[in-house]
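Below is one structure; the comments refer to it alone.
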Ligand SMILES: [Zn+2]
């Protein structure tokens, strides 16, 4: 059981990091920088289950932004540099630090959603209801 969990975790990390389909590991998860594709071009996996929403932004804030803010504060306290130093270092660092990890984090969330959904088969009805609403919304958008 433990071995299986480790394998699942390793698989999520690998497919998420590379942005690959969590089912076949060959197709691509993203159709653009941060947009999840509709179906896998290799195995046909439907990505409707993927709803990471604000998760990636939240995680990148927690993992990257907070440590960076500490760094910025430390820079300020240790050297009290002029303001332009922050403009040149802290702000680009924060921007890059928050944006770059978005894609792998999103990939990890989608891959783990896929793996968890495969394990919790009982929630299918709920998923169907949720996605019916999504589909209706998409149709509305297309019609207008
Ligand atoms: Zn696939």
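Each reported figure results from applying straightforward, stated rules to the coordinates on display, with no laboratory input. A quick note: this is a predicted structure, and the numbers were derived from the prediction, not measured. Don't worry about glycine lacking a Cβ; one is built from the backbone with ideal geometry, like all the others, and counts go over all protein chains shown.
A few remarks follow.
- Residue within region 51-68 that is outside any helix (DSSP H, G or I) and surrounded by 15 or more Cβ atoms within 10 Å (Cβ to Cβ) present: yes
- Residue in region 24-33 that is more than 16 Å from the ligand (Cβ to nearest atom) and surrounded by 14 or more Cβ atoms within 10 Å (Cβ to Cβ) present: no
- So residue 43, is it more than 16 Å from the ligand (Cβ to nearest atom), loosely packed, with under 14 Cβ neighbours inside 10 Å and either on the phi < 0 side of the Ramachandran plot or in a helix (DSSP H, G or I) (or both): no
- Cβ-Cβ contacts under 8 Å between residues 6 or more apart (or on different chains), taken from a first residue in region 13-33 that is free of Cβ contacts under 8 Å to residues at least 12 places away in the same chain and over 9 Å from residue 107 (Cβ atoms) to a second residue that is in a loop (DSSP other than H, G, I, E, B) and within 9 Å of the ligand (Cβ to nearest atom), are listed as 14/25.
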